[in-house]
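Participant: A single structure is presented below for examination.
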Amino acid sequence: GITGDVSKPTLNELKQRVNDVFASQNRAVTAEDYEALIYRMPPRFGSVKRAKIVRDQDSFKRNLNLYILSEDFDRKLTTSSQILKNNIKVWLNQYRMLNDTLDILDPRIINIKISFVAVVDYSQEKLEALNIAITEIQSMFREQLDIGQPIYITKIYDVLNNLDEIVDVTHVKIENATGSNYSDETINLSQYMSADGRILYAPENVIYELKYPNLDIKGTIK
């Protein structure tokens, strides 16, 4: 096959794609046009889970870097096959501006794990509070992030602090998840952390993936 099946897009993904499609007048002018066209590609050519167009700043021509990813059969992110890349090139050639050149590239998949420390209301059962907190973070990451999308650490604090069971969240940490079942790619996350520690930025060719939500979120309850 060309690539693993791609799970049905979520409502948010669909809304975004519909908006993008209306914007594109059957000519790919903006980055959004290109992305919309990729998601509109007929299924017989293969399916793309995530696509991101980045203008190559070093290029004199209108060179575009297209980062794409597919999903494997377990709905985890995976690099796309050469066949799929060739098909995308053929598909986009009908729409691209004559002076646009296109390079199709593999983004770097960076697997992450999240840990937190929380203070629980003394009247609450600690283990139950921990499970509720972990479930809350899992639901935040149910939808795959986009290529180049930052992680707002403040959002994790907010979601946990809003739980009745939790009095205070004292610490949230994001680290590389490494090992045989994870991506070989790691980056120095501290380099991409905002000075106030509130946002973990992603380079334009990186996608963060919480690959195993049942294993990759750990909490300590005080």
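The values are calculated or read from the model by the stated rules, or taken from the named source; none is laboratory data. Note that the structure is predicted; figures quoted are calculated from it, not measured. With ideal geometry, Cβ positions are generated from the backbone for all residues, glycine too; neighbour counts draw on all protein chains shown. Quick note on the areas: whole protein, heavy atoms, side chains included, nothing else; ligands and nucleic acids left out. Shrake-Rupley method; radii C 1.70, N 1.55, O 1.52, S 1.80 Å.
Participant: Compare Glu175, Glu204 by solvent-accessible area with a 1.4 Å probe and give them largest first, with all protein chains kept in place.
Facilitator: Glu204, Glu175
Participant: Follow-up. Please grab the % of Cα pairs in region 45-149 that end up more than 18 Å from each other. Numbers along the way, then the final one.
Facilitator: Values: 3386 of 5460 pairs.
Counting pairs separated by more than 18 Å, the tail of P(r) holds 62 percent.
Participant: I've got another one for you. About its Cα centre, what dipole magnitude does the chain give when the only charges are +1 on Lys and Arg Cβ and -1 on Asp and Glu Cβ, stated in debye to the nearest 20? Let's see the in-between values first.
Facilitator: Working: 27 positive and 31 negative charges, 168 e Å.
That gives the chain a dipole magnitude of about 800 debye.
Participant: Starting from the alpha-carbon convex hull of the chain, give the projected area averaged over all orientations, in nm².
Facilitator: Mean shadow area of the hull around the Cα atoms is 13.9 nm².
Participant: Follow-up question, since we're still on this one. Can you tell me the dipole magnitude for region 104-222 around its Cα centre, using point charges on the Cβ only (Lys, Arg +1; Asp, Glu -1), in Debye to the nearest 20?
Facilitator: Computed charge dipole of region 104-222: roughly 240 debye.
Participant: A further question follows. Using the scaling law 2.2 N^0.38 Å as the reference, what is the normalised Cα Rg of region 106-188?
Facilitator: That ratio works out to 1.24.
Participant: Now, a different point. At a 1.4 Å probe radius, carbon and sulfur cover how many percent of the accessible area of region 102-159?
Facilitator: Carbon with sulfur: 47 percent of the solvent-accessible area.
Participant: Given the options Pro150, Pro107, Pro42, state which has the largest fluctuation in a GNM of the chain using a 10 Å cut-off (strictly under) for Cα springs.
Facilitator: Pro42
Participant: If contacts are Cα pairs under 8 angstrom and at least 6 residues apart, what is the relative contact order of region 63-113 in percent?
Facilitator: On the way: 46 pairs, mean separation 27.3, N = 51.
Relative CO of region 63-113 lands at 53 percent.
Participant: Could you tell me what percent of the DSSP beta bridges with both partners in the chain are antiparallel, to the nearest 5?
Facilitator: 55
Participant: Would you grab the residues whose amide H sits under 5 Å from the one on Glu209? Only those 5+ places off in sequence or on another chain, please, with H modelled 1.01 Å from N.
Facilitator: Ile110, Asn111, Ile112
Participant: Using only alpha carbon pairs under 8 Å that are at least six residues apart, calculate the relative contact order of the chain and give it in whole percent.
Facilitator: 22
Participant: Enter the accessible area per residue of the chain (Å², integer; probe 1.4 Å; all protein chains in place).
Facilitator: The answer is 56 Å² per residue.
Participant: Tell me, what ³J(HN,Hα) does each residue in region 123-131 have, in order and in whole Hz, if you take phi through Karplus 6.51 cos²θ - 1.76 cosθ + 1.60 with θ = phi - 60° and put x for Gly and Pro?
Facilitator: Using θ = phi - 60°, the values come out as 7, 8, 6, 4, 5, 5, 4, 4, 5 Hz.
Participant: Which of the trypsin sites (Lys or Arg not before Pro) across region 110-212 are loop residues per DSSP, with 16 or fewer other Cβ within 10 Å?
Facilitator: Arg142, Arg198
Participant: Let me ask something else about it. Over region 27-76, what is the relative contact order in whole percent, taking alpha-carbon pairs under 8 Å and six or more residues apart?
Facilitator: Computed over region 27-76, the figure is 29 percent.
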